[in-house]
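Input: a single structure, listed below in structure tokens.
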Amino acid sequence: MPNHAHPDWNLTINYQEVLERVGGDASFLEELLKMYIDDYNEKSRLIKDAIHRQDFVAVQKLGHSLKGSSANLSLASLQKASLALELAGRDENLVQAQKALACLETEFAKLKDYLQQNPPRPEED
């Protein structure tokens, strides 16, 4: 089991950082992560539709929104993928938007797998 007390940017989530942000309340963090997953699933559907329609304004806004929620939960890899999506929308670059979406989906799958094996737990002093 990973040591949540030592941040590692290669991890899917920086538990130390996010637990500090929520006052060490692992139950609250678990609820926030569930809300994030639900929000991601809805936004992912909207992103796919926006890319299909080449609605770059929507791609940019959805990427920006996911970037913020990912940052709030210390999900660095999802934050970076969301930024790539936001920039692809801004640049009206269909190929980059498709690549960013693929990366976002990969990182989200990693998050779900990681959380299943490593649920939030209170910080250890």
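The values are calculated or read from the model by the stated rules, or taken from the named source; none is laboratory data. All values derive from a computational prediction rather than experimental measurement. We place every Cβ from the backbone using ideal geometry, glycine too, and count neighbours over all the protein chains shown.
Go through the range 39-54 and give me each residue that's basic (Lys, Arg) and closer than 16 Å to residue 103 by Cβ. Talk me through it step by step, then tell me what you get.
Filtering the range 39-54 for residues basic (Lys, Arg) gives 43, 45, 48, 53.
Correct list: 43, 48.
Of the residues 49, 8, which single one is at pLDDT 95 or above and surrounded by fewer than 20 Cβ atoms within 10 Å (Cβ to Cβ)? Spell out the reasoning first.
Details: 8 fails: at pLDDT 95 or above.
The conditions single out 49.
Return the total of residues in the range 77-125 being in a loop (DSSP other than H, G, I, E, B) and in contact with a Gly (Cβ under 7 Å, 6 or more places away or on another chain). Before you say what the answer is, go through the steps one by one.
In the first step, residues of the range 77-125 are kept if they are in a loop (DSSP other than H, G, I, E, B); the result is 91-93, 118-125.
After this cut, where a residue has to be in contact with a Gly (Cβ under 7 Å, 6 or more places away or on another chain) as well, the list is 122-123.
So the count comes out to 2.
Which condition does residue 27 not pass, out of (1) touching a Lys or Arg at 6+ places or on another chain (Cβ under 7 Å); (2) at pLDDT below 95; (3) in a helix (DSSP H, G or I), if it passes all the others?
Against the list (1) touching a Lys or Arg at 6+ places or on another chain (Cβ under 7 Å); (2) at pLDDT below 95; (3) in a helix (DSSP H, G or I), residue 27 comes up short only on (1).
When residue 65 is evaluated against the numbered criteria (1) farther than 18 Å from residue 114 by Cα; (2) surrounded by 19 or more Cβ atoms within 10 Å (Cβ to Cβ), which criterion, by number, is the only one it fails?
For residue 65, the exception is condition (2).
For residues that are out of contact with any helix residue (DSSP H, G or I) (no Cβ under 7 Å at 6 or more places or on another chain) and of a type outside the set (Phe, Trp, Tyr), scanning just the range 14-24, find the one that is modelled with the lowest pLDDT.
Going residue by residue through the range 14-24, those that are out of contact with any helix residue (DSSP H, G or I) (no Cβ under 7 Å at 6 or more places or on another chain) are 15-17, 20-21, 23-24.
Checking the rest, the ones that are also of a type outside the set (Phe, Trp, Tyr) come to 16-17, 20-21, 23-24.
Numbers: 16: 89, 17: 93, 20: 94, 21: 93, 23: 94, 24: 92.
Looking at residues that are out of contact with any helix residue (DSSP H, G or I) (no Cβ under 7 Å at 6 or more places or on another chain) and of a type outside the set (Phe, Trp, Tyr), I get 16.
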